[in-house]
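Undergrad: The structure that follows is given in the form of structure tokens.
Bear in mind that the values in this text are calculations on the coordinates, not laboratory data. Note that the coordinates shown come from a computational prediction; the quantities given were computed from them, not determined experimentally. A quick note on method: Cβ atoms are made from the backbone with ideal geometry, for glycine too, and the neighbour counts reach across all protein chains shown.
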């Protein structure tokens, strides 16, 4: 018999309420041992809340006044009998109630075990389960909306539609194998190629959506790069609208990276302020410079900031050389001061990068910078699109595998290979897609996915 599990579902710390969640066959029996409702009617109804006290049955000590919600199988989050005890928030109270539940027969849940049971009991599929953790971790409204769409089954429905197309083609091929006396092979092959090409197109569209979905999920890794005193920290503070980084006339103040998130048109930008890049004899500053270069190499976007009140020097040229083959925007800072770089516009323009003039100190030109970033990465299109986006790398990899299997199936048909060889690739595509929804997925993958969840979810 599967054990009854319990966990604190609210975040640790002080708060208005704390929720202790219990799921399993013995949920109601365990709660009955420690909960004394004000209403003496012991009848349990689903979607019903009772007010009362949590009492330690060994010494009758009152732990807290609580509300207990009841959910009767199969109409619950896990499809099992469930209770949620809403106590006053606070580490001590929540832990005491948790311990009482464990002492009276429950087992402490593993991370994600409630959602894992919802999956194993068939209430949601694996892609919907994964969308829950993405919803919890969402950093923008658009990311949360996409997670909700997938939780409601948008991705599952699309994958199942593609799988049905594959099954229809496989059935036609297997009929030809089973009944060779009917001379329909040529017609079947032609129809199969047309159908498989359509499926390949569907998979390519889903796979291609991952680049935009990845931006939605992870945000845009944006590195501010420049020599010391170019205005990197001032720009970070201006973007965040707070004094997050130390601003000083002393060169080399920033020795390590500072990371923060901002939101542009519903897309998160992970802004990283780096140590100023220059030749230096200072051992600690050298480490910071090398770290800056390494981070810049993996950035989605580099904001290369140039002090436009001084002439471009070798340090600036090194910055421009780093961004030569990267997606970058050149920011000419200190537009509030006299510009000295007009003679160097030819060098800047030769890089064919967007150029924005700003004053990080007074915020002038920041809107132009936002517009350039939005334009480069099509933020408006991502934010306003109703198209299904793949946001999970595991899903993208399975779609890619399925696409390759379909391509191989098309190739074998065109090369007039035996039909049973063709079905091997078609069945493989079905298995590849089945791993997304969890139809055929290993226990190791399931455990890995749910280990990323927090306790109580």
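Undergrad: Can you give the relative contact order of the chain as a percent, counting alpha carbon pairs under 8 Å and 6+ residues apart? Before the final figure, lay out the partial values.
TA: Numbers: 792 pairs, mean separation 74.8, N = 457.
Computed value for the chain: 16 percent relative contact order.
Undergrad: Please list, in order, the residues from region 347-363 whose amide nitrogen is less than 20 Å from a point placed 7 Å along the Cα→Cβ vector of residue 324.
TA: Under cut-off, by backbone N: 347-355.
Undergrad: Taking a quarter of the surface of the convex hull around the Cα atoms of region 35-83, what do you get in nm²? Show your work: numbers first, answer last.
TA: Values: hull surface 15.0 nm².
Computed as one quarter of the Cα hull surface, the answer is 3.8 nm².
Undergrad: Also: Note down the nm distance, to one decimal, between modelled labels 7 Å out along Cα→Cβ at residue 297 and at residue 439.
TA: Label-label distance for residue 297 and residue 439, simple model: 4.3 nm.
Undergrad: Using the beta-carbon distance between residue 309 and residue 259 and R0 = 30 Å, what value does 1/(1 + (r/R0)^6) give for FRET efficiency, to the nearest 0.05?
TA: On the way: r = 28 Å, r/R0 = 0.93.
My answer for the efficiency is 0.60.
Undergrad: How big is the Kirkwood radius of region 55-196, worked out from every pair of different alpha carbons and given in Å to one decimal? Show your work: numbers first, answer last.
TA: Values: mean 1/r = 0.0502 Å⁻¹.
It works out to 19.9 Å.
Undergrad: Then there is this: Would you please give the FRET efficiency between residue 349 and residue 452, computed as 1/(1 + (r/R0)^6) with r the Cβ-Cβ distance and R0 = 41 Å, to the nearest 0.05?
TA: Working from the Cβ atoms, E equals 0.35.
Undergrad: Once R0 is set to 45 Å, what does the formula 1/(1 + (r/R0)^6) return for the Cβ-Cβ distance between residue 205 and residue 36, expressed as a FRET efficiency to the nearest 0.05? Please list the in-between numbers first.
TA: Details: r = 58 Å, r/R0 = 1.29.
That gives a FRET efficiency of 0.20.
Undergrad: Testing the spin-label approximation: label points 7 Å from Cα along Cα→Cβ at residue 194 and residue 165. State their distance in nm.
TA: The modelled label-to-label distance comes out at 1.4 nm.
Undergrad: Moving on. Once every DSSP H run of n ≥ 4 in the chain is given -39500 (n - 2.57) and the sum is divided by its residues, what mean residue ellipticity at 222 nm do you get, rounded to the nearest 500 deg cm²/dmol?
TA: Values: 17 runs with 215 residues, N = 457.
That calculation yields -15000 deg cm²/dmol at 222 nm.
Undergrad: How far apart, in nm, are two points set 7 Å out from the Cα along the Cα-to-Cβ line at residue 3 and at residue 88?
TA: 3.2
Undergrad: Report the per residue volume, in Å³, of the convex hull enclosing the C-alpha atoms of region 355-457.
TA: Working: hull volume 21.4 nm³, N = 103.
In region 355-457, the Cα hull volume divided by residue count equals 207 Å³.
Undergrad: So what's Rg/Rh here for the chain, counting alpha carbon atoms and using the Kirkwood radius for Rh? It would help to have the intermediate numbers written out before the result.
TA: Details: Rg = 29.3 Å, Rh = 26.6 Å.
Rounded to two decimals, Rg over Rh is 1.10.
Undergrad: Bin width 10 Å, origin at 0, all Cα-Cα pairs of region 77-122: what percent of pairs per bin?
TA: Computed distribution, short to long bins: 23, 48, 26, 3.
Undergrad: Using 20 Å as the cut-off for backbone N distance, which residues of region 73-106 belong to the label zone defined by a point 7 Å from the Cα of residue 14 along Cα→Cβ?
TA: 87-97
Undergrad: Okay, next question. Report the rotationally averaged projected area of region 5-109 based on its alpha-carbon convex hull, in square nanometres. It would help to have the intermediate numbers written out before the result.
TA: Values: hull surface 24.0 nm².
Projected area, direction-averaged: 6.0 nm².
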